[in-house]
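First the structure, in the form of structure tokens, and then the observations on it.
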Amino acid sequence: MQYTRPLDDKPPRVTRSSHHVCFDCRKTFKKPASTVGGWAVLGDATYPCPDCKKPMQPIGKNFRAPKQTDLRAWRIAERLFQAGFRFNSSHEGNMPTRKTDLDLFLASRVKKTPAQHLIERFSRSA
């Protein structure tokens with residue numbers, strides 16, 4: 001984490017918040033950017049889940065949580081998170097809501113190495 005010291009002795013104002021999610025409990029909480037001893041922390045801090053005490057994951061300010069009982073939607077959100085997708089921008093397009101759409105979505109956005117492109121090209125021609 002990086003720290004920046006405020007120019008005056010006033011504590012820094014927190015102007016940014018982000019959703020943090022606990023996939024085990026299927027809950028989200030808005031958490032502010034934190035401060036440590038008057039230093040503003042740049043980046044996402046780690047917060048424990050109030051219920052299970054496991055660390056929550058920063059998922060982005062535009063994340064819209066599914067219903068807590070919708071296990072399928074939570075699994076999709078977790079797979080998107082594990083694949084590196086964050087909900088920080090409204091310009092990311094529509095995220096998938098079904099497992100079949102999720103597989104296509106992830107496959108179309110995975111960056112492939114030049115070697116992987118060659119393998120695909122030769123496997124199609126064979």
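The values are calculated or read from the model by the stated rules, or taken from the named source; none is laboratory data. Since we're looking at a predicted model, the values are computed, not measured. With ideal geometry, Cβ positions are generated from the backbone for all residues, glycine too; neighbour counts draw on all protein chains shown.
Here are some notes:
- Flag for residue 80 being in a helix (DSSP H, G or I), touching a helix residue (DSSP H, G or I) at 6+ places or on another chain (Cβ under 7 Å) and on the phi < 0 side of the Ramachandran plot: no
- Selection of first residues in region 90-111 that are closer than 17 Å to residue 74 by Cβ and at pLDDT below 75 and of second residues that are aromatic (Phe, Trp, Tyr) and part of a helix (DSSP H, G or I), restricted to Cβ pairs under 9 Å at least 6 apart or on distinct chains, gives the following pairs, ordered by first then second residue: 95/105.
- Selection from region 31-67 of residues that are at pLDDT 85 or above, exposed (fewer than 13 other Cβ atoms within 10 Å of the Cβ) and closer than 28 Å to residue 94 by Cβ: 64, 67
- Within region 1-29, considering residues that are in a strand (DSSP E or B) and under 20 Å from residue 82 (Cα atoms), the one modelled with the lowest pLDDT: 18
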